[in-house]
Structures are given as C-alpha cells and as structure tokens.
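Data first, discussion second: the structure below is written as structure tokens.
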Number of protein chains: 2
Amino acid sequence: MSGEEISNLLGVSRTAIWKHIQSLKEDGYEIQSVTRQGHRLLAVPDRLYPKEVQEGLTTTSFGQSIVYFDRVSSTNEVAKELAAQGIPEGTVVIAEEQTGGKGRLGRQWVSPHGQGVWLTLILRPQISPMDAPKLTIMAAVAVARAIAQVSSVTPGIKWPNDILYQGRKLAGILTEMSAEMDTVNYAILGIGTNVNISEEAFPEELKNQATSLLKEGGTKVNRAKYVQSLLGNLEELYGQLLGGGFDAILAEWRRFSLTIGARVVVTGLKQTMEGLAVDIDETGALILEDTTGQKLKVVAGDVSIRGAQGQYA
Amino acid sequence: MSGEEISNLLGVSRTAIWKHIQSLKEDGYEIQSVTRQGHRLLAVPDRLYPKEVQEGLTTTSFGQSIVYFDRVSSTNEVAKELAAQGIPEGTVVIAEEQTGGKGRLGRQWVSPHGQGVWLTLILRPQISPMDAPKLTIMAAVAVARAIAQVSSVTPGIKWPNDILYQGRKLAGILTEMSAEMDTVNYAILGIGTNVNISEEAFPEELKNQATSLLKEGGTKVNRAKYVQSLLGNLEELYGQLLGGGFDAILAEWRRFSLTIGARVVVTGLKQTMEGLAVDIDETGALILEDTTGQKLKVVAGDVSIRGAQGQYA
C-alpha cells in the first residue's frame, strides 16, 4: 500500500506515516518499503506488544489496559506496586521474560524470553478474603480452557493451582492479595504458561517436572492468541463468580481435575497426609478420605499423585 | 548526679555524657544542670520514644524493635512498606500523630499529636489467610485487657473490631494482610487508642461516636505503660493462638463482647440484616438469629446495637 493511500485512509500526514513505519521496524515488524510503490508487511514479530494482544481481544475490561515489559523481575511484583497505587481492575502486566519469576511458596519459576506467557491480572473483587481461593480455582479453569482452545494439548488441573500434561507442569497460578479482615483491597492473579519453551530451555532438574505446549503439541502456539483466549475466559468466569455462579465453575474444575479420584500424599506445613482425594469444597480445600473412611480437609500443601504408572509430582 | 559519677558508671567520657544530655534536652527531657554539682532529671516528656516504651517492656519479641515517627501519614502504610521489604515479625511502628489515619473501609481515624497511641504491629504468622480474622479477635482482647490494666475504664468489644465505652469508641483495630492462597506473607495489626484525647480535640461530628480514657476515667493515662501492657498482652495471646489455644481467646472475647446477646442491625455491603446476635464463630463471623429462629452468618458489616437506652452505633 502506498504511503499516500495510508495517509488518506488514516487522515494523517505522510511524514507521520513514515515515522510510524520506522518505529514499527524498530519493534521488529518486517516491512518492505519501496520508493514510489509503498510499504508491505512481511512479518509480525513474536512479541506480546499491547497492540498485538488487543487486536482480536473480545473482553470489555480485562487486558484493555496492558503494562508491557521486555524483561522484569516478576510480573506479580510490578502488579502489586501498581495495584497499591490504585491502578484499575482488569489491568494486565505482561513481560517477555522474568528474571525473578516465582511460583507458590517462593519457588523459582523459569521464565525465558519470548517463549512463554508471563502475565499478572489485577482484580478488585468485592468479596471476603475467605472467598479469595475461588479466584485461583476460577483462574485454573480459565487456563485449562485457553490451552484446550489454542493447542492440541489436553490439560489437567492438579490441586491447588497447577496445570499439567502427563504429570508435568504446563502452567502455574500464583494468587496474591492485599486484604483487610472483611474486604479485599486488591487481588492479583499471576499466571505463567510454558507456551513455546524448547526442550533445551528447561534446566536439567526441571525436565521431569515441566513441559510446554510446543513440546507436547509439536507446533508453536501463537502467544497473543493464547493471551486473548485466556483473558476472555477469565473475564467470563470472573463475572460468573461475582454473580453467584461459582458452583458451575467448581463443577468445571472437577472435570479438569487430575487430583480427584486419585490416591494422593499431601505434604503440608506441619504434617503429611495420605488418602483418596474425593473432592474440593467451595473454599478450595481438598477433601481426603483415609483408609478408615474418615474425611480430612486440607487447606494447604503439595500433592503427589500415586498413579498406575508409579508416582509423579 | 555529677557528670563524673555518670561517666564512671557508664564508662564513657564526660564529654560524651554532656553530649547525650544535650540531646535528651532537645528531645524534651527536663534536666537541670548545675556547674560542679551535676545533673538532675526533672521531667520526662510525654513522648513514645522507643527507649521510653522499651524500658519496662516485658516481651521477648513484640516492640523490641520500634520504628518511631513524630508525624506520619498512617502507621499501617509505613508498616506495609517495611513488611514488604522483609522487616522481622514483632516490629512496631509508632507515631505521635497520623495525618491520614484510617479505620475500616477507608474511613478517617482522627489521630491528634501526642494524645493517643497510634501503632502498627508487624506479624508473619504461618497460618492460612482464612484464619486471619483470628488475629483481629486476638487483638481486640489484648486492647480490652490493656485498657482495663492501665485505666479505670471498663472496655467492651463491638463486633468486629471496635473497643467501646458506653457506645463510644475508645479504640479501633485495622488488620491488613498480604497473602497467597494458602499462606500469609505478612499481617499488620493497626491499633488506634484514644488515650488522652481531650474533649476539644474531637471534631464536633465525632463527639457522639468517640471518647477517650482521659474523658471517661478523668485522669491522664501513661501512654508508654499502655503500650507496654498492650504489647505484652498481644505477645501472650499471639503465642496462644499459634499454639492452638484460640478457643480460650474466643471465650475471653465473648466475655468482653457488647454485641452478643444484643438485638442488632448489621449493614453489610449488599444487604441489611436484623436479629439477635447469639455468637461469633471461630472464623470471626457473627451469628444472628432472626425472629423465625433461623440462624444467619454475617462475615462483614457495620453493627448498630439496639439497646434499652435507644440506638447507638
């Protein structure tokens, strides 16, 4: 398309068009420009630039404001600072790379550049802090749905907040909140998804524990499309949760669950428990049944599933 | 005592003694110094300097580290920043005056200079966020005990977190926390106590809602002694809570309670409920019984007590 056509179409000067095209080239867009003929878009960079994510985004709130970083310590840390400063609900912090990405209990989350989706969504739900675990349950369902929508991989949920494929982590969720006794000031949903991570990018000690959509599905997944699907599902489920429809979300969680129906060992802060995982309740607690038929409620811990193929984490 | 005696006693030079005495005078200590005779302490300033609070403090952890301000926006805001930076459990932030003191739901808390005790205690309990309301219950008991110990005023607790005398606020508690789904990163207990606030210091619109130990007891209370008593009780009850002894704390809360046994109206976020307050449960929820005998659980809201003398907040 010629510079003149673009100029007419957008109602801005040809000089402005030229400047924008230079800026797009600097951002990695491959644009062929030929004198007296015009410009041709050859390739879009594999980057989660806000404009790439927002083009095709179907939400009304989630991701309509995106804070983008090429590299950041941790999207959760940035989101907490922004949330404390009053940034609105629905704002999403996205980074191509995290140098200090974290999972639950302060564990490291490997977040190599451009190969995953590392994002944090800021929420301001008018709920009691006691209902906050529902946010993680909802997020797990949204992640599982999005993975199923954009890839050929069938995801499962391991209590409380990991998305697995054949026992290896595809994604993890780290929910954090600032709350008073009866109100949540803000909650942040940190979601790390191993989208296009290559075999080599995983440290040796993680190869048995983590995998990616690329490894399991065999092809690269469009990360922007995954973010669009994820945010769309999050917004839908969040509306449902606030509208009193949590039971349906819990039912969907159960359908994705790898934990329910399995014999598990739960390593908690204070003790280790073993039993048959029979359900989760609406507070997010895992219900175990021990050999005597007694029911135990587990609110925190790490689950090992004892399966037919032996034990995996 | 002569400078020489002090110098011998402490094993420091007389020049150093002289410098320290100048510094004490600048802090408001009235010290009479007579050449060739020595120094005499005439009066200690009415300030919550860490050394005044710590002299006589019986705790092993709480208040052993104090961050003191003459004036600050809000001790909770400072405490949150310090806690996020990793400051240890037991650290206390104290200010003579808060310019932006807050109560629940973002309401203003009047905190005039030198007339109250405005402090925040930083905790790092290994508990589930769902157990966090227990911290507020424990704090209310500690405040009620401390008021009873240092003054002639008999305090009562109004659900969830106000300490009253005859329907007017003596103290309030604002618990805030930063948490993941199953662990608390840190919790802060902000406690504002109207110790020596004079009649004139209360804004007109608060005169029916707030009072002070000075107004009700008729004499000034030593604020440092109150802080010592408060921190001593907090440390004792906190140990009890973490050691599994919450039931006894709840029982003591019930004995101080003004709410239980009263007909109340609770204005919540979404609805208003009316009934007989029959108990609180161990999650901190208020249990109401309506006219049909049905029990309702209230997790958040403002209580108005309908008493024999009419209605008061």
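In this rough spin-label picture, where each label sits 7 Å from Cα along the Cβ direction, the A:Glu289-A:Ala84 distance is 4.6 nm.
Shape analysis of chain B yields a ratio of the Cα radius of gyration to the Kirkwood radius, Rg/Rh, of 1.04. Which shape class, rounded, prolate or oblate, goes with region A:114-192 when its Cα gyration tensor gives a ≥ b ≥ c as root eigenvalues, a/c under 1.5 marks rounded, and past that a/b bigger than b/c marks prolate? It is prolate, given that a/c is not under 1.5 and a/b is the larger ratio.
Normalised by 2.2 N^0.38 Å, where N counts its residues, the alpha-carbon radius of gyration of the protein assembly as shown equals 1.17. The residues neighbouring A:Ala277, those whose beta-carbon lies less than 15 Å from its own, together hold a net charge of 0 under the Lys/Arg +1, Asp/Glu -1 convention.
With its label point defined 7 Å out from Cα along the Cα-to-Cβ axis, A:Thr272 lies at 5.6 nm from the matching points of the other copies, in increasing order. Ranking B:Phe202, B:Gly106, B:Thr75 by Cα position along the charge dipole of chain B, where only Lys, Arg, Asp and Glu carry charges on their C-beta atoms, puts B:Phe202 farthest toward the positive end.
Can you bin region B:180-226 into rounded, prolate or oblate? Criterion: square roots of the alpha carbon gyration tensor eigenvalues sorted a ≥ b ≥ c, rounded for a/c under 1.5, prolate for a/b above b/c, oblate for the rest. Taking the square roots of the gyration eigenvalues as a ≥ b ≥ c, region B:180-226 is oblate. Once the convex hull of all Cα atoms in region B:3-43 is built, its volume per residue stands at 65 Å³. Between the C-alpha center of region B:62-76 and that of region A:195-255 there is a gap of 44 Å. What is the calculated FRET efficiency for A:Val265 to A:Lys207, with r their C-beta to C-beta distance and R₀ = 30 Å, to the nearest 0.05? E between A:Val265 and A:Lys207, to the nearest 0.05, is 0.85.
Relative to the other identical copies, A:Gln85 shows label-point distances of 1.8 nm, where the label point lies 7 Å from Cα along the Cβ direction and values run shortest first. For trypsin sites (Lys or Arg not before Pro), the sites in region B:4-56 that DSSP calls loop and that have at most 16 other Cβ atoms within 10 Å are B:Arg36.
From the Kirkwood radius over Cα pairs of region B:263-312, Stokes-Einstein at 4 °C and 1.567 mPa s returns a whole-number translational diffusion coefficient of 117 µm²/s. To the nearest ten degrees, helix B:14-26 and the longest principal axis of the Cα atoms of chain B are 40 degrees apart.
Per residue of peptide A:173-179, the mean number of Cβ atoms on other chains within 10 Å of the residue Cβ is 5.
Judged by the gyration tensor of its Cα atoms, with axes a ≥ b ≥ c, region B:61-190 is oblate; a/c meets the 1.5 cut and b/c is at least as large as a/b. In straight-distance terms, cross-link reach from B:Lys215 covers every one of the lysines whose alpha-carbon lies under 28 Å from its own, apart from those fewer than eight places away in the same chain; here that gives B:Lys51, B:Lys102, B:Lys158, B:Lys169, B:Lys207, B:Lys225. Note on A:Lys225 and A:Arg255: their simple-model spin labels are 2.3 nm apart, each label 7 Å out from Cα toward Cβ. Between identical copies, the spacing of A:Ser13 label points, each set 7 Å from Cα toward the C-beta atom, reads 7.3 nm from nearest to farthest. Between A:Asn185 and A:Gln149, what length comes free when the chain is fully extended (0.36 nm per residue of separation minus the Cα-Cα distance, one decimal in nm)? Contour length minus the Cα-Cα distance gives 9.7 nm.
All of the numbers you see were taken from the coordinates with simple rules; none came from a lab. Predicted, not measured: the structure shown is a model, and the values here were computed from it. Neighbour counts are summed over all protein chains in view; Cβ atoms, including those assigned to glycine, are modelled from backbone coordinates with ideal geometry.
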